[in-house]
């Protein structure tokens with residue numbers, strides 16, 4: 001391990017992140033909410049820590065390996081969690097467990113919360129909550145990849161560790177820094193469009209920006225305790241559905257559609273087509289079930305709430321207009337299944353990802369066909385392209401590890417005192433980056449103990465880093481020279 005190079009990189013990244021407190025300082029001054037000193041101190045502490053790591057190692061220019069990239073990405077998400085927790089510690093006076101939980105939940109775009117009374121919080125604190133999930137949505141590491149090459153630090157290893165699965169092999173541009181900058185340009189453009197739409201639909205400018213941060217990042221934090229249900233507006237909910245679904249699409253597809261002016265790619269791409277079909281079928285199933293269960297007096301209301309919750313949960317955003325755990329019959333379980341599917345690969349959404357689900361289904365069909373025709377040579381294809389066996393093995397391994405991790409965390413949370421429904425709900429809410437769960441965590445995590453919260457932090461990091469990046473650090477072989 002090139003420890004001095006790693007410390008130098010951490011120092012640079014912390015110095016960059018410390019600048020993110022400036023908008024919150026501006027908000028505190030604009031709204032005169034008395035929190036400017038909290039964010040000024042947070043900036044000073046973060047920048048000082050970054051400088052102390054960078055200065056002694058500033059001349060270290062060793063090339064980082066992919067192996068070191070996994071460690072850097074994982075540890076920096078942890079470091080970010082503690083840095084982002086500073087305003088919650090200093091401003092809201094949360095204990096360390098709650099402050100780190102809230103911060104990690106934001107950065108991982110989970111949206112689970114331990115904070116109550118959002119409507120009464122200082123605007124600058126609310127802005128900070130919304131901003132950290134926006135930064136985490138595309139990945140602070142990818143942002144660093146766009147900037148660090150200009151400072152003489154290679155970013156390919158970080159990009160490979162940060163991006164997930166099959167998507168990491170497909171770059172919109174040949175150079176990694178150009179790729180990161182292109183993705184961020186798209187991300188910012190979508191956020192601006194979403195904020196303008198929310199504002200025109202009746203939100204205040206502050207709420208429009210905050211909810212745009214959460215929607216495009218598929219994060220789920222809101223500036224109100226009632227989430228988007230606070231507005232009770234079909235138009236606002238429709239806008240949220242559009243941009244939540246957009247956030248759940250592979251950003252490489254957005255890039256191609258934008259660069260080549262080819263919106264038809266959304267229809268021709270197999271993963272996006274499957275993603276859209278899952279949303280439509282899920283909406284129909286939930287809406288019909290709500291009508292049959294007499295949960296709403298009109299079919300229009302059933303479709304409205306069904307479509308919103310399906311979009312919110314499929315994309316792992318976690319916005320709510322109702323508490324879906326209270327819906328009757330099988331509906332909550334259908335939504336839980338959708339949360340495990342998640343959005344497309346290369347998106348800001350959580351879950352296993354649609355592309356992996358597609359490949360798992362195709363592998364299952366291939367195996368059944370092979371039983372009927374043992375001598376046949378059958379290839380798994382996505383569109384017209386065959387998928388290499390190494391990718392299929394990776395998808396299979398990822399899916400097994402994902403489910404085993406979810407089961408292990410459920411058992412651990414039950415051992416920490418939760419009942420089965422609450423433990424399973426907490427894992428669903430965190431490993432899938434969903435936010436709301438079932439049982440005691442159907443709305444928030446305020447009533448659970450500190451052990452459960454730290455397990456939830458681990459679960460959120462595992463979900464955000466897509467299992468491999470985190471679990472590889474627990475292999476003894478990883479640490480051998």
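What follows is calculated from the coordinates using simple rules that are stated; it is not laboratory data. Here the structure is a predicted model, which is why all the values come from computation and not from measurement. So basically every Cβ, Gly included, is an ideal-geometry build from the backbone, and we count neighbours across all protein chains shown.
Which of rounded, prolate or oblate describes the stretch 1-135 when judged by the alpha-carbon gyration tensor and an a/c cut-off of 1.5? Judged from the Cα gyration tensor, the stretch 1-135 comes out prolate (a/c at least 1.5, a/b above b/c). Using a ≥ b ≥ c from the Cα gyration tensor of the chain (square roots of the eigenvalues), is it rounded, prolate or oblate, where a/c under 1.5 gives rounded and otherwise the larger of a/b and b/c decides, a/b for prolate? Judged from the Cα gyration tensor, the chain comes out rounded (a/c under 1.5).
Peptide packing: for 47-60, 461-474, 439-452, 371-384, the average count of neighbouring Cβ atoms within 10 Å per residue gives the ranking 461-474, 439-452, 47-60, 371-384, highest mean first.
Taking every C-alpha pair closer than 8 Å and separated by at least 6 residues, the mean separation divided by the residue count of the chain gives a relative contact order of 16 percent. Can you tell me how the stretch 179-303 classifies by the Cα gyration tensor, rounded, prolate or oblate, using a/c under 1.5 as the rounded cut? Note, shape of the stretch 179-303 comes out oblate.
So what is the relative contact order for the stretch 187-331, in percent, with contacts set as C-alpha pairs under 8 Å and at least six apart? Over the stretch 187-331, the number comes to 26 percent.
In the chain, helices alone account for a calculated mean residue ellipticity at 222 nm of -20500 deg cm²/dmol, with every DSSP H run of four or more residues adding -39,500 (n - 2.57). So what's the gap between the Cα centers of the stretch 314-381 and the stretch 82-119, to the nearest angstrom? Centre-to-centre distance over Cα atoms comes out at 31 Å. For a modelled paramagnetic label at residue 55, 7 Å from Cα along Cα-to-Cβ, the residues of the stretch 1-37 in reach, with backbone nitrogen under 15 Å, are 8, 11-12, 15.
A simple packing score, the average count of other Cβ atoms within 10 Å per residue, orders the peptides 343-354, 293-304 as 343-354, 293-304, with the highest score first.
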